[in-house]
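Working notes, structure below.
Please treat every number below as a calculation from the coordinates, not as lab data. Since this is a predicted model, take the numbers as computed values, not measurements. When we count neighbours, we look across all protein chains shown, and the Cβ atoms used for this are built from the backbone with ideal geometry, even at glycine.
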There are 2 protein chains.
Amino acid sequence: MNRLSLNQITTKSWSLPEAVRGCADRGVEWIGLWRDKVAEVGAAETARLLAEHGVRVSSLCRGGFFTGVTPEGRPVDGVAQTREAIDEAVTIGADVLVLVVGGVAEGDLRASRQRVADAVGELAPYARERGVRLGLEPLHPMQCAERSVLSTVEQALAIAEEHPADAVGVVVDEFHVWWDPRVEESIERAAGRIAGFHVCDQQVPITDGLMARSLPGAGPIDHRRLRACVEAAGYDGPIEVEVFDAELWRQPGGAVLDQVIEPTASTSPRTDPGVRSYGHAATSS
Amino acid sequence: MNRLSLNQITTKSWSLPEAVRGCADRGVEWIGLWRDKVAEVGAAETARLLAEHGVRVSSLCRGGFFTGVTPEGRPVDGVAQTREAIDEAVTIGADVLVLVVGGVAEGDLRASRQRVADAVGELAPYARERGVRLGLEPLHPMQCAERSVLSTVEQALAIAEEHPADAVGVVVDEFHVWWDPRVEESIERAAGRIAGFHVCDQQVPITDGLMARSLPGAGPIDHRRLRACVEAAGYDGPIEVEVFDAELWRQPGGAVLDQVIEPTASTSPRTDPGVRSYGHAATSS
């Protein structure tokens, strides 16, 4: 199976139709979609485009913000918005909805975490009835305050385990969890619960908490080890390349996707081609 | 006891003599010193100034970088430099030497962590013979790559526990560990091992991984809860206010220290005076 998936944030300058076509043209069979890009063309048209080009959705990003406040501090009904996102996932054929659970509300970290667990409990049956799996994604601790009070795989798993495995899983994103001294044992314990695997690298030093990523291979993350962990835990689904990188985003989408597919085309100085073998024709080893 | 300690990085514009005098003038009985500032006047003169002004050293910052590479990527003999730092701690009367253990060397996180454990094992007897306690300080995961492969209190404690409690302890810095879902239980387990408690707050969002701090009370950190944890674990030593904040650093040292002592003098909009009660005359409640 060709496991490479383009998370469309990586080619941010591309519209959804451009990204779907870009994948199809290059034999990339999977794509991770974002709701703001889907909204530009509508869910039905998105589904049509995907079918026309034979590209499948690895995940829809995102639901969440269950603690009731956006990163900018505005109030939000995360549960209601996530219900809409579940419906949208059904329409576009996404099996997984990624959840970014929300940051600290009212200065109370513990209560915020409880709100997240409660919201997942409320939404899990709704998602399961519709065949959509909720993917709890722990985010890097530097995003705890404003984006995600879930910071580790272990934490996400503790919430997921309260629900059937086909209703709630965890999404392992290298950038967010590579530093965690418990990440290996946590991934092992998450066997049967892994709903997605996202790869990228970290810029050093971090000069922007949200954007400090790069294409896999240019930073401190041991991609081989993390991939071995998720595979030992039984995950054999698509691998999304998801990169927030202002410099990369300024490049044309096609040039970016070429670098995702073919490491030797990368501008990154320390790229290790071996870490980017996802079964794609151009990268099989 | 007056527990307030000025970590001198907070008043970065001040020289060591200015900082010691500034503390004495305001009744601040403790100071946390940095080696670069000590070097400007020499260790013997530092000791003389401290004695003259009746100010005690809560900690000396820092030894470490055991993985063999500086944050800028240059080679360094961390063990040799830390021996020198231990000697300096003896001269200036610091009971605690803070350790920043170093980042990922040669892309191997696991091996880097082992190097840290080995270096601490090599240095612990040397420190203990001289009456200096090594304080392992876990740093925020966003500094894992280049500064510290120790990211959690639990991790630091696992290394410390291999040695006598008076030889190796852990330093709890709110900024670095507040987000950790295991921080409370880890601090509880660290009873008898806590070698220091550093307070500050986090800027939201993080736009610079090293500098994103502020005076306590302006951010998402629950200071009351963390202080209650370290005190329940038996820590009754000095509390260092340690703030990396470019805006604060541009202010004169005296104005900064006034804000540290007296929250109502602070320019931070969300300051909670109650979180800054360290027994200092101006802040007792």
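So if I take the centroid of the Cα atoms in segment B:141-167 and the same for segment A:18-69, what is the distance between those two points in Å?
Cα centres, segment B:141-167 to segment A:18-69: 42 Å.
Show log10 I(q)/I(0) for chain B at q = 0.07, 0.10, 0.12, 0.13 Å⁻¹, two decimals, from a solvent-free Debye sum over equal Cα scatterers.
-0.22, -0.47, -0.70, -0.83
Are there any GluC sites (Glu not before Pro) in segment A:1-106 that are in a DSSP loop and have at most 13 other Cβ atoms within 10 Å? List them by number. Write out the running numbers ahead of the final one.
On the way: sites: A:Glu18, A:Glu29, A:Glu40, A:Glu45, A:Glu52, A:Glu72, A:Glu84, A:Glu88, A:Glu106; in loops: A:Glu29, A:Glu72, A:Glu106.
In loop regions of segment A:1-106 (DSSP not H, G, I, E or B), the sparsely surrounded GluC sites (Glu not before Pro) are A:Glu72, A:Glu106.
Averaged over peptide B:222-231, how many Cβ atoms belonging to another chain are found within 10 Å of each residue's Cβ?
For this peptide, the per-residue mean of nearby foreign Cβ atoms is 1.
Give the shape of the protein assembly as shown as rounded, prolate or oblate, defined through the alpha-carbon gyration tensor: a ≥ b ≥ c are the square roots of its eigenvalues, a/c under 1.5 means rounded, and otherwise the shape is prolate if a/b is larger than b/c and oblate if not.
prolate
For B:Asp77, which inter-copy label distances result when the label point lies 7 Å beyond Cα on the Cα-to-Cβ vector, reported in nm to one decimal and in ascending order?
Those label-point separations list as 6.7 nm.
In a GNM of chain B with a 10 Å cut-off on Cα contacts, which of B:Ala105, B:Ala255, B:Ala191 has the highest mean-square fluctuation?
B:Ala255
Within chain B, which DSSP H helices have Cα atoms that stretch 18 Å or more along the helix axis and a mean Kyte-Doolittle hydropathy of at least 0.0?
Membrane-span-like by this criterion, though nothing is claimed about a membrane: B:78-92.
Hey, what did segment A:11-276 get for relative contact order, percent, Cα under 8 Å, at least 6 apart?
Working: 539 pairs, mean separation 40.8, N = 266.
Relative contact order of segment A:11-276: 15 percent.
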